[in-house]
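*Asks:* I have a structure I would like to understand better, so I am pasting it below and will then ask my questions one at a time.
The values are calculated or read from the model by the stated rules, or taken from the named source; none is laboratory data. As the structure is a computational prediction, the values presented were derived from the model and not from experiment. Virtual Cβ from ideal backbone geometry, glycine too; neighbours counted across all protein chains shown. Only protein heavy atoms, including side chains, enter the accessible area calculation; ligands, DNA and RNA are left aside. Shrake-Rupley method; radii C 1.70, N 1.55, O 1.52, S 1.80 Å.
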Amino acid sequence: DGRPNPVGSAPDWADYRERNQSFADLGALTPFLLPVTVVTDREPLRANHVYTTWNFFRTLGVEPALGRQFVEAEGELGSAVAMISHEFWQGQFGGTADVIGRSIRIDGTGHTVVGVMPQGFHFLMGVDVWRPMQRGGPFAGARRFHNWLMIGRLADGVSWPQAQADV
């Protein structure tokens, strides 16, 4: 009915993505803001952050204004990359193109900026920083943790009732 219902776990997302026949792609994000401390070349600041699956932006059909989206390998433990909002980029980096590849610290851990989202991009909430969900990482370790909002892009020729039956 159009209202978000964040009832999936990270393993559920992986299963649905692998086994469905109805979606061209299926992504997920944490449906709540996680405040983090971000350190750039300026003073540390509190920022709004969410985790997404590596293919979240691709599922939405949204390209970064600068840089690239997450790639599948960054959905595994050990990756330390981030995408930032246009507003965060302007405020913390003055809108300079050399932000791609720069290091920022998020809650004390170094991350490489790989992308800047387009001006005005917001999905459900005002986010400053996105990081990829990593299997076995925060909020993604067990099937019992139902804290991922799944989104899907219907495959060509698939109706909504067919997709519901498939899921």
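*Asks:* Return only the number of the condition from (1) touching an Asp or Glu at 6+ places or on another chain (Cβ under 9 Å); (2) free of Cβ contacts under 8 Å to residues at least 60 places away in the same chain; (3) surrounded by fewer than 19 Cβ atoms within 10 Å (Cβ to Cβ) that Asp41 does not satisfy.
*Replies:* (1)
*Asks:* Oh, and also: Just need a number here: residues in region 101-118 that are in contact (Cβ under 8 Å) with a residue 60 or more places away in the chain, open to solvent by 50 Å² or more (accessible area, probe 1.4 Å) and either polar (S, T, N, Q) or assigned to a strand (DSSP E or B) (or both).
*Replies:* The total comes to 1.
*Asks:* Filtering region 70-85 down to residues that are without any contact (Cβ under 8 Å) to a residue 40 or more places away in the chain and part of a helix (DSSP H, G or I), which residue is farthest from Leu29 (Cα to Cα)? I'd like the intermediate steps shown before the answer.
*Replies:* Of the residues in region 70-85, the ones without any contact (Cβ under 8 Å) to a residue 40 or more places away in the chain are 71-73, 80.
Narrowing the set further to residues that are part of a helix (DSSP H, G or I) leaves 72-73.
On the way: Glu72: 15, Ala73: 17 Å.
For region 70-85, the residue satisfying everything is Ala73.
*Asks:* Tell me whether region 67-75 contains one or more residues that are more than 23 Å from Tyr16 (Cβ to Cβ), in contact with a strand residue (DSSP E or B) (Cβ under 8 Å, 6 or more places away or on another chain) and surrounded by 16 or more Cβ atoms within 10 Å (Cβ to Cβ). Break it down stepwise before answering.
*Replies:* Just the residues of region 67-75 that are more than 23 Å from Tyr16 (Cβ to Cβ), to begin with: 67-68.
From the residues that got through so far, the ones that are in contact with a strand residue (DSSP E or B) (Cβ under 8 Å, 6 or more places away or on another chain) too are 67-68.
Now narrow it down to the ones that are surrounded by 16 or more Cβ atoms within 10 Å (Cβ to Cβ): 67.
The answer is yes; a qualifying residue exists.
*Asks:* Follow-up. Suppose we filter Phe32, Phe23 for residues that are surrounded by fewer than 14 Cβ atoms within 10 Å (Cβ to Cβ), closer than 20 Å to His146 by Cβ and either of a type in the set (Phe, Trp, Tyr) or at pLDDT 95 or above (or both); which single one remains? Full working, then the answer.
*Replies:* Values: Phe23 fails: surrounded by fewer than 14 Cβ atoms within 10 Å (Cβ to Cβ).
Of Phe32, Phe23, the one residue that is surrounded by fewer than 14 Cβ atoms within 10 Å (Cβ to Cβ), closer than 20 Å to His146 by Cβ and either of a type in the set (Phe, Trp, Tyr) or at pLDDT 95 or above (or both) is Phe32.
*Asks:* Answer with yes or no whether Tyr51 is in a strand (DSSP E or B), out of contact with any Asp or Glu (no Cβ under 7 Å at 6 or more places or on another chain) and of a type in the set (Phe, Trp, Tyr).
*Replies:* Working: in a strand (DSSP E or B): yes; out of contact with any Asp or Glu (no Cβ under 7 Å at 6 or more places or on another chain): yes; of a type in the set (Phe, Trp, Tyr): yes.
So Tyr51 passes the test.
*Asks:* Can I ask one more? Go through (1) among the β-branched types (Val, Ile, Thr); (2) in a strand (DSSP E or B); (3) under 16 Å from the mean Cα position of the chain (by Cα) one by one and return the number of the condition Val127 breaks.
*Replies:* (2)
*Asks:* Residue under question is Phe88, and the condition is that it be open to solvent by less than 30 Å² (accessible area, probe 1.4 Å), outside any strand (DSSP E or B), at pLDDT 90 or above and out of contact with any Pro (no Cβ under 7 Å at 6 or more places or on another chain); does it hold? So that I can check it myself, show each step before the final result.
*Replies:* Working: open to solvent by less than 30 Å² (accessible area, probe 1.4 Å): yes; outside any strand (DSSP E or B): yes; at pLDDT 90 or above: yes; out of contact with any Pro (no Cβ under 7 Å at 6 or more places or on another chain): yes.
Judged against the criteria, Phe88 is a match.
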